[in-house]
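Working notes for the structure below.
The values are calculated or read from the model by the stated rules, or taken from the named source; none is laboratory data. Remember, it's a predicted structure, so these values are computed and weren't measured experimentally. Glycine gets a Cβ as well: all are built from the backbone with ideal geometry, and neighbour counts include every protein chain shown. Only protein heavy atoms, including side chains, enter the accessible area calculation; ligands, DNA and RNA are left aside. Shrake-Rupley method; radii C 1.70, N 1.55, O 1.52, S 1.80 Å.
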Amino acid sequence: MKHLVVYAHPYADSLNHSIMETTVNELKKNGHEVVVRDLYALDFQPVLKPEDTAAMKAGKTPDDIKTEQEFIAEADVITFIYPIWWTGLPAILKGYVDRVFAFGFAYSAGPEGVIKLLEGKKGFIINTHGTPNEVYDEIGMTAGLKVTSDIGIWDFTGIEPVGHLLFGSIGYLDEEAYKGMLKKVEDTINSHFS
């Protein structure tokens, strides 16, 4: 299978970077093709501007958007790896969704409502956050994060959500706990994509 990993964290020494590397290594071990789009390394411009929308309506999609859309079009599985900041996506990834998952590419509309243009693809998400998982579970934030991304992005465009890992208490744990998280990433990748 062809996997697209969209990665959004600014630091190479972060847990998110280790998660991304673990994900890529496990997928390659299982014989998959993997492309990584590191949004910070690409210096992806996240702001959807009026001229972007006008160009797309005129059938002249800006080159940076078109490039990312081509990676999505070719992928069988799309994986987002990012930290939860202010209970949501980092701005660079939110902007990627705003600009790349555009009307006419990821979805459209007809008499019956939304037309999902990315059907046949699978979506997977791995998140980290500083709040303990138990707190997010108790206040409904875990469920909210899953609905917002798994349903609001993946399902809305026809992508089948196949997994969502959320790792909490980041920054407050010992080395063994982080190793355990990476092992869970390996096991989950293997269970979904072996």
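Quick rundown of the values:
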read-out: All-pairs alpha carbon distance profile, the range 73-122, 5 Å steps from 0, percent; value: 5, 16, 20, 23, 19, 12, 4, 1
read-out: Diffusion constant of the range 66-194 at 4 °C, which comes from Stokes-Einstein with the Kirkwood Cα-pair radius and 1.567 mPa s, µm²/s; value: 82
read-out: 222 nm mean residue ellipticity, helices alone, for the chain (DSSP H n ≥ 4; -39,500 (n - 2.57); rounded to 500); value: -12000 deg cm²/dmol
read-out: Percent accessible area from carbon and sulfur atoms, the range 1-107, protein chains only, probe 1.4 Å; value: 53
read-out: Mean Cβ count within 10 Å, highest first, over the residues of peptides 17-28, 67-78; value: 17-28, 67-78
read-out: Dipole axis of the chain (+1 Lys, Arg; -1 Asp, Glu on Cβ), positive-most option in VAL34, SER194, GLY113; value: GLY113
read-out: Probe 1.4 Å, protein heavy atoms only - accessible area per residue of the chain in square angstrom; value: 51
read-out: Sequence of THR157, THR61 from largest to smallest accessible area, 1.4 Å probe; value: THR61, THR157
read-out: Accessible surface of the range 114-176 [probe 1.4 Å, protein heavy atoms]: carbon and sulfur percent; value: 55
read-out: Approximate shape of the range 126-194 as ellipsoid semi-axes (Cα gyration tensor, √5λ), whole Å, largest first; value: 23, 18, 7
read-out: Antiparallel DSSP beta bridges within the chain, percent to nearest 5; value: 15
read-out: The chain, dipole about Cα centre (Lys/Arg Cβ +1, Asp/Glu Cβ -1), debye to the nearest 20; value: 420
read-out: The range 82-178: chymotrypsin sites (Phe, Trp or Tyr not before Pro) in DSSP coil with no more than 15 other Cβ atoms inside 10 Å; value: TRP86, TYR172
read-out: Cβ-defined net charge surrounding PHE105, 11 Å radius [Lys, Arg +1; Asp, Glu -1]; value: 0
read-out: The range 1-150: projected area of the alpha-carbon convex hull, averaged over directions, in nm²; value: 10.5
read-out: Label-point gap, in nm, between SER18 and LYS66 - each point 7 angstrom along Cα→Cβ; value: 4.1
